[in-house]
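The values are calculated or read from the model by the stated rules, or taken from the named source; none is laboratory data. Since the structure is predicted, the reported quantities are computational estimates derived from the model, not experimental observations. Every residue, glycine as well, gets a Cβ built from its backbone with ideal geometry; the counts of neighbours run over all protein chains shown.
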Amino acid sequence: MMSRRRPVPLAACLVLSLALAACASKPAAVQTSSAEKSQGTFKIGKPYPVNGVWYYPSADLNYDETGIASWYGPDFHEKATANGEQFDQNALSAAHKTLPLPSIVQVTNLENGRSIEVRVNDRGPFVGNRIIDLSRRSAQLLGFEGQGTAKVRVKVLSSESIQAQSIARLNGSDTAPIEVPQAAPHQTVVAEALPPAVGVPLAPPQAAQAAAAPATPPAARPASLQEPELPNMVLLYPVKPTHIYVQAGAFSLGDNATRMKARLSGLGDVSVTGARVNGIDVYRVRLGPIGSVDEADQVLARAVGAGATEAKIVVD
C-alpha cells in the first residue's frame, strides 16, 4: 500500500459570510480512459446473495445515503468490472452493491469535507457494512487511503448518470430506458486542483481531450450521448460534527418501531426518532452514537443477531 500523499495547497479564495467562493485556480487535466468505458454495458441485475445476504439492485436516481467507505486497488487492477469495463485503481471509480452500472455519484468525506465525483462500474463491497468501495486513487483524493475507511455521503448525480448509462446501453442493456430529469443546482464550494496519481503523469490538455473522445464517431452519436467527463477537481465543503449509528430500521408505524426498540434494548442506547424520507413520515430506530467504525461493526453484528436483519451503519 502506498503512503498517504502530502497535502496540496489551495489557491487563494475569498471567504464570504454565508458560503465559500470557488477558487480561481485552473484544475489540472487528468487523463481518462473513455475507450475502456465504452466497452461496458448498462446493468442493473437481478437480486443476488453474497455470504447469505441478499442484495436488490434498482434504479434509484434519488439515492443519497451516508455510511462508511472503504477502498480497493492492486489486487483488482485491470480486471473486468461487473458491467464489463476495466478496473483502473488510478481512475475515479467505485463499486456499489445496488446502484445501476454505470452511475455517477458524488462522494464526500464527512470527516474533512473533501468531495469528488466517481464512476460506479462494479459491485461491492461485501466485507462489513460498507456503503461504497472506492478506487485507491479516489481514496487518496478523499484523504483516507492510510486509515482505510471514512465516514462519507454518497449522492447519485442523476443527469450525469443517465448520460453515462445511455452510452453503455449502446453496448447492451438488461432493462428499459429511463427519462432524464432536470439537473439540480450546485452548492457553492471551494475547488482545488487534482495532484497526479503516483506513477501516472498528467496528460497535456490536447492529450486529455483526445483521450476523452468517444469511441464511436461523432456523427453516429448524438451530442446528448457524449460520455460525461468527471470534474478534475476536489471540492471542499464545510465540515460539520457527525456521529456513527447502527440503524435497525425505518418504520412507517410507530408501534413497529417501539417493538424493535424493545428487542434491542440490551445492546446499548436505543432511540426512536421521526424523519421524513421521500415525502413519507417514518420512525427510525438507532443504536448509538458509536465511537468508532470497529465498534459499529460489532454493534451491527449484535443487532442483526437480535433480529434486526435490515440493520445498517449510518452517519448523521
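Among residues of region 280-299 being acidic (Asp, Glu) and within 20 Å of Val152 (Cα to Cα), the one that is surrounded by the most Cβ atoms within 10 Å (Cβ to Cβ) is Asp297. Of all residues in region 255-270, exactly one satisfies the criterion of being free of Cβ contacts under 8 Å to residues at least 24 places away in the same chain, within 19 Å of Asp297 (Cα to Cα) and hydrophobic (A, V, I, L, M, F, W, C), namely Val270. For region 130-146, a residue qualifies if it is among the polar types (S, T, N, Q) and part of a helix (DSSP H, G or I), and the qualifying residues are Ser138, Gln140. For region 281-300, the count of residues that are over 19 Å from Lys151 (Cβ atoms) and not in a strand (DSSP E or B) is zero. Given the condition modelled with pLDDT of 95 or more, farther than 22 Å from Leu61 by Cβ and surrounded by fewer than 20 Cβ atoms within 10 Å (Cβ to Cβ), answer yes or no: does some residue in region 90-112 qualify? The answer is yes, given that some residue of region 90-112 is modelled with pLDDT of 95 or more, farther than 22 Å from Leu61 by Cβ and surrounded by fewer than 20 Cβ atoms within 10 Å (Cβ to Cβ).
Exactly one residue among Arg259, Arg302 is more than 20 Å from Glu65 (Cβ to Cβ), at pLDDT 95 or above and surrounded by 16 or more Cβ atoms within 10 Å (Cβ to Cβ), and that residue is Arg302.
Against the numbered list (1) of a type in the set (Asp, Glu); (2) modelled with pLDDT of 95 or more; (3) surrounded by 20 or more Cβ atoms within 10 Å (Cβ to Cβ), Glu227 comes up short only at (2).
Across region 275-316, the number of residues qualifying as under 12 Å from Tyr245 (Cβ atoms) and not aliphatic (A, V, I, L, M) comes to 8. Of the candidates Val314, Val277, Val272, the single residue that is at pLDDT 95 or above and either under 29 Å from Ile116 (Cα atoms) or buried (at least 16 other Cβ atoms within 10 Å of the Cβ) (or both) is Val314. Being at pLDDT below 90, surrounded by fewer than 16 Cβ atoms within 10 Å (Cβ to Cβ) and under 24 Å from Ile132 (Cβ atoms) is a property that Val15 lacks. Out of all the residues in region 233-256, which are of a type in the set (S, T, N, Q) and surrounded by 20 or more Cβ atoms within 10 Å (Cβ to Cβ)? Within region 233-256, Gln247 is the sole residue that qualifies.
Please verify whether Val189 is farther than 21 Å from Gly84 by Cα, modelled with pLDDT under 55, buried (at least 17 other Cβ atoms within 10 Å of the Cβ) and of a type in the set (Val, Ile, Thr), treating the condition exactly as stated. Answer is yes for this residue. Selection of region 74-129 for residues being in a loop (DSSP other than H, G, I, E, B) and under 13 Å from Lys155 (Cβ atoms) yields His96, Leu99, Leu110. Of all residues in region 147-176, those satisfying the criterion of being more than 20 Å from Asn62 (Cβ to Cβ), in a strand (DSSP E or B) and modelled with pLDDT of 95 or more are Ala150, Lys151. Scanning region 127-155 for residues that are closer than 17 Å to Glu65 by Cα and surrounded by fewer than 22 Cβ atoms within 10 Å (Cβ to Cβ) gives Gly128, Asn129, Thr149, Arg153, Lys155.
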